[in-house]
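In what follows, a structure is listed as structure tokens, so that the remarks can point back to it.
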Amino acid sequence: MAERDKRDVILQVKDLNVSFRTYGGIVRAVRGVTFDLRRGETVAIVGESGSGKSVTIKAIMGILPSNATIESGEILYGGMDLTKLTEEEFHNIRGKRIGLIFQDPLSALNPIMKVGNQIMEALILSQKMSKKAARQRALELMEAVGIPDVERRFNQYPFQFSGGMRQRIVIAIALAGDPEILICDEPTTALDVTVQARILELINKIKEERHLSVIFITHDLGVVATMADRVNVMYAGKIVETGTSEEVFFEPAHPYTWALLSSMPDLETKERLFSIPGTPPNMISPPPGDAFSVRNRYALRIDFEKEPPLFKITDTHYAATWLLHPKAPRVEMPEALKTRIERMRRRAVGNE
Amino acid sequence: MSDSTYLLEVKNLCRHFTSGRGKNKLVVKAVDNVSFGVKPAETFGLVGESGCGKTTLGRTIIRLYDPTSGQVFFNGREISGKMTGELRRYLTENIAMIFQDPIESLNPRMTVEEIIGEGLKVRGVKDKAEIRRRVVEMLKKVGLNEEHATRYPHEFSGGQRQRIGIARALIVQPKMIIADEPVSALDVSIQAQVINLLNDLKEEFGLTILFIAHNLSVVKYFSDRIGVMYYGRLVEVARGEDLYAKPLHPYTRALLSAIPEPNPLTARNKKRLDYDPERDHDYSREKPEMVEIEPEHFVYCSPSEAARYREICRSAVKAGD
């Protein structure tokens with residue numbers, strides 16, 4: 001653990017606040033998000049739709065829609081604050097130093113352009129390569145992401161590729177600029193499990209080969225466990241719990257994390273599922289106090305009045321819940337979750 | 001004739017789609033010679049990857065598509081024959097469907113009351129007050145309330161819309177439900193709500209359910225027996241525990257090995273298996289067919305493979321002792 005901490009921080013998000021102007025009012029999509037990314041690690045951001053995870057990475061990439069504003073906060077990268085860059089300056093970062101893989105590979109690709117040319121375009125723009133060199137490099141990239149028969153595939157259009165192969169093309173384009181950070185926004189949500197497993201393996205492989213740092217956005221906890229070194233759990237625009245994978249999966253502290261972990265059945269679940277009542281809050285007027293309090297069966301009175309700060313559990317593990325306050329009553333995680341974690345630990349021992 | 005232990009029985013069902021003519025003719029065997037049965041009050045899960053034909057199978061049973069060949073029996077009566085008005089009525093009275101996309105499957109110009117009550121109207125209930133009463137009763141069963149009846153689908157969240165879809169399916173008191181990916185479009189916390197709701201309703205109404213999904217953990221949790229589909233064929237059918245404890249068909253093994261486990265200690269070292277029909281099977285000399293390897297555990301395999309699978313099961317039992 002100590003060794004990992006020594007690795008330098010490559011990207012830092014500090015107290016980021018992003019709002020959207022809409023007809024209904026101002027939507028406070030991201031409210032004070034702070035996290036960092038260290039060299040060579042994978043950080044996952046987990047949350048449901050509308051929790052602000054995609055908005056956070058859009059802010060990092062500088063691709064927020066025009067009705068969004070960064071109210072406050074900093075995104076520090078390479079000695080710069082990305083929130084203050086002009087569009088021109090961003091051209092030197094986006095695609096070159098930070099690559100992005102989208103959820104839906106079909107809409108990320110140009111349907112009337114040969115895939116080879118799309119990879120070449122990225123190379124010519126970001127690396128200032130000649131056409132001939134770019135073609136050669138594009139073929140190499142296609143091979144590196146596991147596309148068979150590259151010479152023929154080079155001249156095909158996106159519709160001639162399956163979902164998994166399309167996602168490989170998108171990854172090849174993201175790698176064209178030779179980035180040091182790769183941001184993956186639900187890259188496997190639209191794919192089948194067997195294809196998903198292969199794409200995750202591919203991302204892990206290129207991460208090792210190219211010494212990338214990865215920010216991985218997903219709502220699938222199985223995918224998080226496969227990919228992440230550290231996990232940030234987001235709810236209603238805030239990070240409610242952060243820690244290493246082991247800490248978040250085996251010693252979760254926030255009631256929302258408990259609910260997330262126990263709401264999906266695993267292969268051995270027989271008991272009734274723990275479901276979170278209600279729906280996520282409307283972010284035009286987020287509830288005062290802890291935004292999760294209205295759906296939280298463990299909520300204290302203070303949860304409805306005052307926002308909890310991030311309480312420190314270990315050096316790497318923090319959670320924003322008043323339950324961790326020294327004066328709070330002792331509340332244990334639900335029994336079903338406890339037995340499930342027990343089971344997971346036993347499995348891990350059995351496998352060794 | 002049909003076997004009376006099953007409420008729904010599918011025999012050698014095929015649904016092929018053709019496109020083009022002459023030398024451009026292309027036949028897609030979306031459902032190819034599929035046979036299985038669903039017992040009364042049982043939940044039968046159907047898993048497979050996209051494009052394997054699981055949705056087509058569901059739709060062919062309820063006659064949204066006409067079968068190319070084969071038979072389907074419901075309660076002993078053949079429902080795959082010529083479509084008559086009487087048969088259509090029989091079908092809609094007995095089998096209802098819940099769709100995947102709760103936005104697309106609800107008419108945006110109808111109120112919730114009209115959507116849910118339409119089934120009753122079709123069945124000749126004319127009394128408005130009676131329809132209203134039963135709609136409200138149904139809304140309460142699925143966790144919504146009376147004031148929701150006058151609203152339109154766009155005013156609801158995804159989970160609530162799926163509840164409306166469930167209410168619409170159940171108001172005609174069908175014997176059987178075909179649920180096609182009912183939770184895959186929903187958020188994690190909402191999925192759990194809908195799965196719990198379906199479980200409660202299943203018990204309350206004694207429903208028989210054909211549950212189609214691609215999420216293996218959800219199917220395992222929800223179903224009594226499971227069928228695995230691959231390219232239009234059913235390759236393995238077994239009770240849930242058996243299928244996950246001793247998967248026999250190489251495709252089932254590959255599918256199970258690909259599930260990402262929510263366990264950081266084991267997920268990384270997990271060994272993934274690949275399935276390649278060309279490599280894994282040799283059907284040049286022997287023809288494969290559905291074989292019962294153990295009681296209630298069917299695998300699509302050739303005689304020599306069947307012998308090998310039986311050996312695997314026997315050694316698994318020994319290891320268990």
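Give the residue, chosen from B:I293, B:I312, B:I212, that is of a type in the set (V, I, T) and under 25 Å from A:Q196 (Cβ atoms).
B:I212
For (1) in contact with a Leu (Cβ under 7 Å, 6 or more places away or on another chain); (2) at negative phi; (3) at pLDDT 90 or above, each residue gets a yes or a no:
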{"position": "B:V47", "(1), (2), (3)": "yes, yes, yes"}
{"position": "B:S50", "(1), (2), (3)": "no, yes, no"}
{"position": "B:G53", "(1), (2), (3)": "no, no, no"}
{"position": "B:D66", "(1), (2), (3)": "no, yes, yes"}
{"position": "B:L91", "(1), (2), (3)": "no, yes, yes"}
{"position": "B:N94", "(1), (2), (3)": "no, yes, yes"}
{"position": "B:D101", "(1), (2), (3)": "no, yes, no"}
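Has the stretch B:203-213 got at least one residue that is touching a residue at least 60 places away in the same chain (Cβ under 8 Å), within 12 Å of chain A (Cβ to nearest Cβ) and more than 17 Å from the chain's Cα centre (by Cα)?
Checked the stretch B:203-213: no residue is touching a residue at least 60 places away in the same chain (Cβ under 8 Å), within 12 Å of chain A (Cβ to nearest Cβ) and more than 17 Å from the chain's Cα centre (by Cα).
Condition test on B:I178, is it at pLDDT 90 or above, away from every other protein chain (no Cβ under 11 Å) and part of a helix (DSSP H, G or I)?
no
Filter the stretch A:187-211 down to residues that are buried (at least 20 other Cβ atoms within 10 Å of the Cβ) and in contact with a strand residue (DSSP E or B) (Cβ under 6 Å, 6 or more places away or on another chain), then give me how many there are.
The qualifying residues number 1.
Among the candidates B:K126, B:K82, B:K140, single out the residue that is in the same structural domain as B:S189 (by TED's automatic domain parsing), part of a helix (DSSP H, G or I) and among the charged types (D, E, K, R).
None of the others qualify; the one that does is B:K140.
Residues being closer than 20 Å to B:L207 by Cβ and not in a helix (DSSP H, G or I): count how many of those fall in the stretch B:44-63.
6
How about the stretch B:17-33: which of its residues are free of Cβ contacts under 8 Å to residues at least 60 places away in the same chain and either out of contact with any Phe, Trp or Tyr (no Cβ under 8 Å at 6 or more places or on another chain) or outside any strand (DSSP E or B) (or both)?
Those that are free of Cβ contacts under 8 Å to residues at least 60 places away in the same chain and either out of contact with any Phe, Trp or Tyr (no Cβ under 8 Å at 6 or more places or on another chain) or outside any strand (DSSP E or B) (or both): B:F17, B:T18, B:S19, B:G20, B:R21, B:G22, B:K23, B:N24, B:K25, B:L26.
So, in the stretch A:244-258, how many residues would count as being surrounded by fewer than 22 Cβ atoms within 10 Å (Cβ to Cβ), in contact (Cβ under 8 Å) with a residue 40 or more places away in the chain and either at the interface with chain B (Cβ under 7 Å from one of its Cβ atoms) or of a type in the set (S, T, Y) (or both)?
Here the count works out to 1.
For A:V170, indicate whether it is more than 9 Å from every other protein chain (Cβ to nearest Cβ) and outside any helix (DSSP H, G or I).
no
Give me a count of the residues in the stretch A:272-286 that are more than 10 Å from chain B (Cβ to nearest Cβ), of a type outside the set (G, A, S) and surrounded by fewer than 14 Cβ atoms within 10 Å (Cβ to Cβ).
Total satisfying the criteria: 2.
Within the stretch A:46-80, count every residue that is touching a Lys or Arg at 6+ places or on another chain (Cβ under 9 Å) and of a type in the set (S, T, Y).
Looking only at that region, the number is 3.
Looking only at the stretch A:307-331, which residues are at pLDDT 90 or above and of a type in the set (K, R)?
If the condition is that a residue be at pLDDT 90 or above and of a type in the set (K, R), then A:K312 is the only one that fits.
When the residues of the stretch B:249-292 are filtered to those that are aliphatic (A, V, I, L, M) and farther than 23 Å from A:T269 by Cα, which remaining residue is farthest from the other protein chains (Cβ to nearest Cβ)?
Restricting to residues being aliphatic (A, V, I, L, M) and farther than 23 Å from A:T269 by Cα, the top hit is B:V291.
For the subset of the stretch B:108-137 comprising residues that are touching a residue at least 24 places away in the same chain (Cβ under 8 Å) and loosely packed, with under 12 Cβ neighbours inside 10 Å, which member is nearest to B:R161 (Cα to Cα)?
Residue satisfying both the conditions and the ranking: B:P108.
Report yes if some residue within the stretch B:299-311 is surrounded by fewer than 18 Cβ atoms within 10 Å (Cβ to Cβ), away from chain A (no Cβ under 14 Å) and in contact (Cβ under 8 Å) with a residue 24 or more places away in the chain; otherwise report no.
Among the residues of the stretch B:299-311, not one is surrounded by fewer than 18 Cβ atoms within 10 Å (Cβ to Cβ), away from chain A (no Cβ under 14 Å) and in contact (Cβ under 8 Å) with a residue 24 or more places away in the chain, which makes the answer no.
Does any residue in the stretch B:214-234 that is at positive phi come within less than 7 Å, Cβ to Cβ, of a residue that is surrounded by fewer than 21 Cβ atoms within 10 Å (Cβ to Cβ) and not acidic (D, E) six or more places away or on a different chain, and which pairs are these?
B:G232/B:K29
Give me the residue from the stretch A:259-269 that is assigned to a loop (DSSP other than H, G, I, E, B) and within 8 Å of another protein chain (Cβ to nearest Cβ) and, out of that set, modelled with the highest pLDDT.
Only one residue fits best here, namely A:P265.
Any idea which residue in the stretch A:287-312 is farthest from the other protein chains (Cβ to nearest Cβ), counting only those that are in a loop (DSSP other than H, G, I, E, B), in contact (Cβ under 8 Å) with a residue 12 or more places away in the chain and within 23 Å of the chain's Cα centre (by Cα)?
Filtering first and then ranking leaves A:L310.
Take residues that are of a type outside the set (G, A, S) and tell me which of the helices (runs of 4 or more DSSP H) falling wholly in the stretch A:1-109 contain 3 or more.
A:2-6, A:53-61, A:87-90
The values are calculated or read from the model by the stated rules, or taken from the named source; none is laboratory data. Keep in mind it's a predicted model, so treat the numbers as computed, not measured. Positions of Cβ are backbone-derived with ideal geometry, glycine not excepted, and every protein chain shown enters the neighbour counts.
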